[in-house]
1. Between the helical axis of 369-380 and the dominant principal axis of the chain, each derived from Cα atoms, what acute angle in degrees is found, rounded to the nearest 10?
2. Fewest to most neighbouring Cβ within 10 Å: what's the order for 56, 65, 43?
3. Tell me, 250, 269, 286 in order of fewest to most beta-carbon neighbours within 10 Å?
4. Restricting to DSSP H runs of at least four residues, report the calculated mean residue ellipticity at 222 nm for the chain, -39500 (n - 2.57) per run over all residues, nearest 500 deg cm²/dmol.
5. Measure nothing fancy, just the Cα-based angle from helix 246-257's long axis to the longest principal axis of the chain, in degrees from 0 to 90, nearest 10.
6. How big is D for the range 316-378, in µm² s⁻¹ as a whole number, if Stokes-Einstein is applied with the Kirkwood radius of its Cα pairs at 10 °C and 1.306 mPa s?
7. Please give the direction-averaged projected area of the C-alpha convex hull for the range 29-133, in square nanometres with one decimal.
8. I'd like the per residue volume of the convex hull spanned by the Cα atoms of the range 168-322, given in cubic angstrom.
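Readers should treat all values here as calculations from the given coordinates under stated rules, not as data from a laboratory. Since we're looking at a predicted model, the values are computed, not measured. Cβ atoms come from the backbone with ideal geometry, glycine included; neighbour counts cover every protein chain shown.
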Ligand SMILES: Cc1cc2nc3c(=O)[nH]c(=O)nc-3n(C[C@H](O)[C@H](O)[C@H](O)COP(=O)(O)OP(=O)(O)OC[C@H]3O[C@@H](n4cnc5c(N)ncnc54)[C@H](O)[C@@H]3O)c2cc1C
């Protein structure tokens, strides 16, 4: 007979979001239990760049320095838009509302495993956090007394019963689906492919991005002479990619997108240090993410296409927002809805910006695409008016105002 453990708060999934939530609760002296499937973090190709808005939250949680020790600090983004270059320093961002005097507009980039290990070590040192790993949650069911029961897949680990359960098991969350949460909008519009390679020289501290006729290319500088190379294409390119050798195609895009650093990153024979991964770029919007004593967080609660790489910053913000509501002690759906509203209000404008950017950057069949990029570059070089807005957008901070149609059109060069 499986042993049953009683807890107050259980978080299923100890990724960045589940871990940050546990830390945020711990800082409020609220104990919780984290159930995590993996014994050690994996070096998947996702989540290697934490935008400054997310780094700020790590700072607030007191774990920034530990994570930063495994990372390179990024200072901005250099965008190659057609023939023009647009260099955006995060320093242009006005400090976000309510930020402390120690605000530093810097991102963090690096191998995923040491980043997550640093976070995990910090979590393990918290006395009010209990980590149970490996624990693969199979189901969550409601008991007659309204508490929730979490059963493991192996049937050998103890079963947990809790008054408040947070599901933070990532974008493929089967638990969320089984609980009846469904995305009201869902799409797989893009494919992201890439690897981590070794470079012969320092690539600087700017993330590089370039628009190529096949898609968008990215280079993230990593610590210790590594870099992440990513290419994102519209899913309609899949048949063309399948016809050829994906790595050769990837290298062609990178060579044409970044001719200035092509030799530094190994040219035709890069020193590839990770598998060559391909992931779908998914968008999923959930209208409802709470029930009595239950909330979804991070990618399990919906995600945006990774085009602008803000998933971690958004998820970290979820963790802070949800911790605040949980700390109030009322775990009814009614009370948890303030977290749900906060999340949707943050996500919807980002989704809109992402969609317009996906259209502008990836809809390469449009005859006006090249001209549009030229106009974008010209407008984006308006240092005083437009660059601070773009800096905030790329740093993952909420804009201080709701952009009017006119500003958005100006921002995107679509007037
Ligand atoms: C190709 C790609 C590139 C990306 N690049 C970036 C980027 O550069 N920057 C950025 O900010 N975002 C990026 N993202 C988005 C980012 O990866 C996610 O937003 C982020 O990882 C979400 O964190 P999470 O903690 O919600 O989920 P996850 O990171 O997926 O963590 C979920 C955790 O739950 C555990 N788990 C799963 N199922 C169970 C179960 N049944 N029982 C117990 N535990 C379970 C998993 O082992 C895992 O540890 C990218 C996404 C993709 C697809």
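1. On a 0 to 90 degree scale, this one is about 80.
2. Lowest count first: 65, 43, 56.
3. Fewest-to-most Cβ neighbours within 10 Å comes out as 269, 286, 250.
4. -10000 deg cm²/dmol
5. Once rounded, one gets 50 degrees.
6. 110
7. If I average the Cα hull's projected area over directions, I get 8.6 nm².
8. Looking at the range 168-322, the number lands at 133 Å³ per residue.
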